[in-house]
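One structure follows; several queries about it will come next.
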């Protein structure tokens, strides 16, 4: 896969913070070496992230989903089969956390789908609720940015897909 070079003004996804806007590319000295960094602002809060340009892909920085991949995300959200957690709760939690931190929108979508369905059935633990809030927030911001809609509309669209709405 060709290394992606981002431009100022691009909306991007960073696994540790969600959707942000690339505001600048700056040269900074770190450890005695000059390196270029992407400066990313996360809307809605005061977070600004500096990601080394040479490590951007390895750190999970990616462009937002193109339209055809968005359809794939909606298919994942609407899938009928939801995996029931088995084994120790700590292993289940670590798996959910790993899938969210992967930055892969389809993995995050599967986490949101599964946790929303578990919430409707048995309810969620405190830890699962926190993971759901994080994953749903990331997904909501990405869908809103891609489709040019508000956060409430994006969240409603995601819930509709999970509950079996039209795709």
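The values are calculated or read from the model by the stated rules, or taken from the named source; none is laboratory data. Please read all numbers here as calculations on a predicted model, not as lab measurements. Cβ sites come from the backbone with ideal geometry, for glycine too, and all protein chains shown count toward neighbours.
Looking only at region 115-129, count how many residues are exposed (fewer than 11 other Cβ atoms within 10 Å of the Cβ) and outside any loop (DSSP other than H, G, I, E, B).
2
I need the full set of residues from region 139-167 which are in contact with a strand residue (DSSP E or B) (Cβ under 6 Å, 6 or more places away or on another chain) and more than 19 Å from residue 79 (Cβ to Cβ), in order please.
Correct list: 141, 145.
Next question, about the same structure. Only one of these conditions is not met by residue 15: (1) exposed (fewer than 12 other Cβ atoms within 10 Å of the Cβ); (2) touching a helix residue (DSSP H, G or I) at 6+ places or on another chain (Cβ under 9 Å). Which number is it?
Against the list (1) exposed (fewer than 12 other Cβ atoms within 10 Å of the Cβ); (2) touching a helix residue (DSSP H, G or I) at 6+ places or on another chain (Cβ under 9 Å), residue 15 comes up short only on (1).
Kindly indicate whether residue 67 is out of contact with any strand residue (DSSP E or B) (no Cβ under 9 Å at 6 or more places or on another chain), within 25 Å of residue 106 (Cβ to Cβ) and loosely packed, with under 14 Cβ neighbours inside 10 Å. Show your work before the answer.
Values: out of contact with any strand residue (DSSP E or B) (no Cβ under 9 Å at 6 or more places or on another chain): yes; within 25 Å of residue 106 (Cβ to Cβ): yes; loosely packed, with under 14 Cβ neighbours inside 10 Å: yes.
When the stated conditions are applied, residue 67 passes them.
State whether the residues of region 145-159 include one that is in a helix (DSSP H, G or I), under 23 Å from residue 64 (Cα atoms), touching a residue at least 60 places away in the same chain (Cβ under 8 Å) and out of contact with any helix residue (DSSP H, G or I) (no Cβ under 8 Å at 6 or more places or on another chain).
yes
Spot the failing condition for residue 136; the list is (1) closer than 19 Å to residue 73 by Cβ; (2) surrounded by fewer than 18 Cβ atoms within 10 Å (Cβ to Cβ), and only one is missed.
Condition not satisfied by residue 136: (2).
Test residue 147 against the stated conditions and say whether it is crowded, with 18+ Cβ neighbours inside 10 Å, modelled with pLDDT of 90 or more, under 16 Å from the mean Cα position of the chain (by Cα) and within 21 Å of residue 104 (Cα to Cα).
No.
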